[in-house]
Amino acid sequence: MIVKILNYGDVGNLKFIEYGIYGLLSTQIDYLMENLEEETSINEDVLIIKMYFESKLYPFQSGAAKFRLDDFVAREEIEMAMFLSSFLEDMV
């Protein structure tokens with residue numbers, strides 16, 4: 001599984017991050033789409049997850065994030081990959 005941040009920014013009063021998840025089996029995609037509470041869609045064989053954040057919880061809000069954005073993006077991609085891996089462990 002490979003997680004890449006496709007887009008991020010503002011929607012109204014909320015911040016969002018859109019993740020592309022590559023390399024999943026169709027059964028894994030179906031399981032995640034059925035069980036995740038976040039907004040999900042499929043583009044070809046890529047699962048798209050869009051998460052919304054309040055400003056205080058948004059990972060890219062700090063001053064450090066503005067100067068080291070690549071580090072913050074990489075960390076967020078790793079954290080999402082770990083979350084999804086642990087979520088898929090519950091798949092029967």
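Quick one: residue 84 ticks every box in (1) more than 15 Å from residue 2 (Cβ to Cβ); (2) at pLDDT 85 or above; (3) not charged (D, E, K, R) except a single one, so which number is it? Answer for residue 84: the failing condition is (1). Number of residues in segment 31-43 that are acidic (Asp, Glu) and either closer than 17 Å to residue 5 by Cα or touching a His at 6+ places or on another chain (Cβ under 9 Å) (or both) equals 2. Residues in segment 2-18 that are buried (at least 16 other Cβ atoms within 10 Å of the Cβ) and either touching a Lys or Arg at 6+ places or on another chain (Cβ under 7 Å) or more than 24 Å from residue 75 (Cβ to Cβ) (or both): 16, 18.
So which residues in segment 50-63 are of a type in the set (Phe, Trp, Tyr) and either touching a helix residue (DSSP H, G or I) at 6+ places or on another chain (Cβ under 6 Å) or assigned to a loop (DSSP other than H, G, I, E, B) (or both)?
Just the residues of segment 50-63 that are of a type in the set (Phe, Trp, Tyr), to begin with: 52-53, 58, 60.
Within segment 50-63, 58, 60 meet the criteria.
Does segment 69-91 include one or more residues that are of a type outside the set (Phe, Trp, Tyr), open to solvent by less than 50 Å² (accessible area, probe 1.4 Å) and not in a helix (DSSP H, G or I)? Checking segment 69-91: not a single residue is of a type outside the set (Phe, Trp, Tyr), open to solvent by less than 50 Å² (accessible area, probe 1.4 Å) and not in a helix (DSSP H, G or I).
Looking at 27, 40, just one residue is within 28 Å of residue 91 (Cα to Cα), hydroxyl-bearing (Ser, Thr, Tyr) and in contact with a strand residue (DSSP E or B) (Cβ under 9 Å, 6 or more places away or on another chain), and that residue is 40. Any residue in segment 47-67 that's modelled with pLDDT of 90 or more: show its pairings with residues that are open to solvent by 90 Å² or more (accessible area, probe 1.4 Å) at Cβ separation under 6 Å, as long as the two are six or more apart or on different chains. From segment 47-67, the pairs are 50/39. Selection over segment 19-47 of residues that are surrounded by fewer than 16 Cβ atoms within 10 Å (Cβ to Cβ) and on the phi < 0 side of the Ramachandran plot gives a count of 16.
The values are calculated or read from the model by the stated rules, or taken from the named source; none is laboratory data. Here the structure is a predicted model, which is why all the values come from computation and not from measurement. Note that we place each Cβ from the backbone using ideal geometry, even for glycine, and neighbour counts take in every protein chain shown. All accessible areas refer to the heavy atoms of the entire protein, side chains included, with ligands and DNA or RNA removed. Shrake-Rupley method; radii C 1.70, N 1.55, O 1.52, S 1.80 Å.
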